[in-house]
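The values are calculated or read from the model by the stated rules, or taken from the named source; none is laboratory data. In this text the structure is predicted, and so the values were computed from the model without any measurement. FYI the Cβ positions are ideal-geometry reconstructions off the backbone, even for glycines, and counts take in every protein chain you see.
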Amino acid sequence: MSLSISTQQLTHSTFPAPLELITLTNSHGLEVVLSSYGASIWSVKLYEKEDKTIDLSLSYQNIQDWAINPYYFGITAGRVANRIGGAAFSLKGQTIVLTPNEGNNQLHGGPQGLSHCVWQCETKQYSDAVGAIFRIQSPDGDQGYPGDLSVTVEYRLSESNELILIYDALSDQTTPVCLTNHAYWNLASDKQHGILGHNLQLNASHILALDSEQIPTGELVLVDDTPFDFRQIKSISEDIHKLSNGYDHYFVMSKDIDNTSCLKTIATLIEPISGRELEISTTELGVQFYSGNFLDGTRLDNHGKPLNQYQGLCLETHGYPNAVNIAHFPSVMLEENKPYKQITVHRFKNI
């Protein structure tokens, strides 16, 4: 295999417009399929010897599920990822009312957020990588947000087995922007084993305390002597039973890790049987670790098997959730005509 890009158009009545599917492949057999619907990852696969393929991410079998995407598989979440309490916030003395889509709150930018829109796309070839660039214009008032916002997401697959995500945005008004990707990872050869046997390390000293609706309260909680302490690598199964419904928490990056680089390693995921490893570095301040608690078996994966609880996990790098409503959280406000940039690198090892 060699570095390559291929494109395919998909037309289906469940989507508002024809889609572009872009396949990026490197010479090591790593393949990433991207969709212009939600600027999303549809699959990450590894081609092994004798044409054996291993899925490294979760995918749907049915095209209708990709259109609805109840689990947010692989999407670009935004304008603001995660939850905004009460689907509202104050900006310059005015209350901005957003479109709710999770009770009274807004999740991942609203019911018709960037995840459920068709983006424009193009491909790009580098000397040591192949890429796809997605662009969208979100108009003033979209899902309640102020400002005309232009967003660009580039996926770049390198010969070093890195999947690099580069986010850029610009608005003509001050508005919150907090973007991420919502891929579900499972590095095991047999996905039915789930992710509880994976080992995880998170370079995080605190989590954000949550209320009963999963909205951050503003309190930072030390992970010491709690099920949330992943500073030393451990099995996900070790402490998950101590939580009522698995992990769905924002982990704040430790202050004492290397501050000489804008990219800092926040997470390392290892599947011990195969030895496959995923290391995630980011320019962001933390990561939302979600253990696939609400995968309920009602949808089928790309092999026709039910997508059950804990079958995949998300490691979503982004700013503090609900920061628009908590003054002492690092701001996610993007000032008018000032550029937003976020970079996250997924480095696959032992594949």
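Here are a few things to note about the model shown:
- Any hit, the stretch 205-224, residues being β-branched (Val, Ile, Thr), part of a loop (DSSP other than H, G, I, E, B), touching a Ser or Thr at 6+ places or on another chain (Cβ under 7 Å) and at pLDDT 95 or above: yes
- In the stretch 15-58, the residues that are part of a loop (DSSP other than H, G, I, E, B), under 19 Å from Leu165 (Cα atoms) and polar (S, T, N, Q): Asn26, Ser36
- Single condition Thr99 does not satisfy, out of (1) surrounded by 15 or more Cβ atoms within 10 Å (Cβ to Cβ); (2) part of a loop (DSSP other than H, G, I, E, B); (3) out of contact with any Pro (no Cβ under 7 Å at 6 or more places or on another chain); (4) not aromatic (Phe, Trp, Tyr): (3)
- Here the stretch 119-156 is the region considered, the condition is being touching a residue at least 24 places away in the same chain (Cβ under 8 Å) and of a type in the set (Ser, Thr, Tyr), and the residue that is nearest to Leu30 (Cα to Cα) is Tyr155.
- Filtered by the rule that a residue be assigned to a strand (DSSP E or B) and within 24 Å of Pro18 (Cβ to Cβ), the stretch 106-125 gives Val118, Gln120, Cys121, Glu122, Thr123, Lys124, Gln125.
- Restricting the first member to the stretch 219-236 and to residues that are over 19 Å from Gly197 (Cα atoms), and the second to residues that are modelled with pLDDT of 95 or more and assigned to a loop (DSSP other than H, G, I, E, B), the beta-carbon pairs closer than 8 Å and six or more apart or on different chains are Val221/Phe228; Val223/Asp229; Val223/Phe230; Val223/Arg231.
- Test: residue in the stretch 126-135 that is among the small types (Gly, Ala, Ser), assigned to a strand (DSSP E or B) and closer than 24 Å to Leu285 by Cβ: no
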